[in-house]
Amino acid sequence: MTRPSNDSPAEPTPWGRKHLLGLEDLSKHEIEAILNTADSFVEVSTRSRKKVPTLLGRVVFNLFFENSTRTRTSFSLAAKRLSADTQDFTASASSISKGESFIDTAKNIEAMGADVMVVRHPTPGAPHLLSKHVGASIINAGDGAHEHPTQGLLDMLTIRRAKGRIEGLTVGLVGDISHSRVARSNIWGLTKLGAHVILCGPPTLVPRGMERLGCEVAYHLDNVLPRLDVVNVLRIQFERDQRSVFPSIAEYFRLYGMTQDRIKKGKPDLLLLAPGPINRGVELTPEVADGPHSAILDQVTNGLAVRMAVLYLLSGKSETKGASVEPPALAH
Ligand code: CP
């Protein structure tokens, strides 16, 4: 049987798009629609009855070819809160080890009735490839160093809820820009919503030409810190060989680590984000991670709402394609 593989949903969704592959593809209006929908789901998560029947009968598969704590579990919980059936697929325990291909694996999962596949893969473009071979909606949960759109969205939601706006803010992305899919999704999303983005890190970890994406590039954190409304501290990705890109962890921490002294040099209402996992004592001190400027755990809470919004917008039923993106009326 031939399965659909184009970008037209088999039936209209509340949003009109079938996949979420990256924030580069989305307009300002589409990003704001997701954030507005997520705001409603943040409110739902505070209720005593948190489950709604929106995706009853839908099947959401998590296909993770890399480890994850936050993204995998929050997509799972988001799907459950929307009453979908969810199933985790773990590559290391699968028949991939017997030689089955990525696409054959996905086609087998689709044959079990998957409506949505949430895909994390070390290869940039893997979710995009899958979107051309299966009929299910594909959500990019992180593809190599390319994009991590729901992380970018949850970072923006956290900023918007804390500051009341994104337009006109100055946001610093600090650390390992080269390997960071979070940085790329933040750059696309924040610049579309009117923020000024400063990329700051060792020259060896900031790719050349990033100014072309509409960012400012800086190499000295102490010079730009006083201008920042938000600082998003990116993880040094020790699983990739970093030995040659800076002299030592101590040297990195001295120049780029977020300490209480640096927090004091920033604006009084400086908002500190970190996508996680964090390396305490490398990118930031424990006091800063757990301190009053930190919104690290708010990001996790908001991530659940963002993932509920994305699942709802991509796979909830709608009578009219492109119609209202407000979530359905949710009973208390
Ligand atoms: N921030 C993030 O994507 O975390 P996980 O790798 O734990 O999903």
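Residues in region 70-84 that are in contact (Cβ under 8 Å) with a residue 24 or more places away in the chain, open to solvent by 30 Å² or more (accessible area, probe 1.4 Å) and either more than 16 Å from residue 310 (Cα to Cα) or within 12 Å of the ligand (Cβ to nearest atom) (or both): 70, 72. Picking from 67, 62, 36, which residue would you name as being assigned by TED's automatic domain parsing to the domain that holds residue 134, at pLDDT below 95 and either within 28 Å of residue 276 (Cβ to Cβ) or within 16 Å of the ligand (Cβ to nearest atom) (or both)? When all the criteria are applied, what remains is 67.
Quick test for you: out of 115, 104, pick the one residue that is touching a residue at least 12 places away in the same chain (Cβ under 8 Å), more than 16 Å from the ligand (Cβ to nearest atom) and either out of contact with any Asp or Glu (no Cβ under 8 Å at 6 or more places or on another chain) or not assigned by TED's automatic domain parsing to the domain that holds residue 41 (or both).
On the way: 104 fails: touching a residue at least 12 places away in the same chain (Cβ under 8 Å).
The unique qualifying residue is 115.
Consider region 143-166 and keep the residues that are of a type in the set (Gly, Ala, Ser) and under 19 Å from residue 230 (Cα atoms). The one that is surrounded by the most Cβ atoms within 10 Å (Cβ to Cβ) is 152. Would you call residue 263 open to solvent by 10 Å² or more (accessible area, probe 1.4 Å) and β-branched (Val, Ile, Thr)? So residue 263 passes the test.
When region 79-103 is filtered for residues that are at pLDDT below 95 and among the acidic types (Asp, Glu), the ones remaining, listed by number, are 88, 100.
The values are calculated or read from the model by the stated rules, or taken from the named source; none is laboratory data. Predicted, not measured: the structure shown is a model, and the values here were computed from it. Cβ atoms come from the backbone with ideal geometry, glycine included; neighbour counts cover every protein chain shown. Heavy atoms of the whole protein, side chains included, go into the accessibility calculation; ligands, DNA and RNA do not. Shrake-Rupley method; radii C 1.70, N 1.55, O 1.52, S 1.80 Å.
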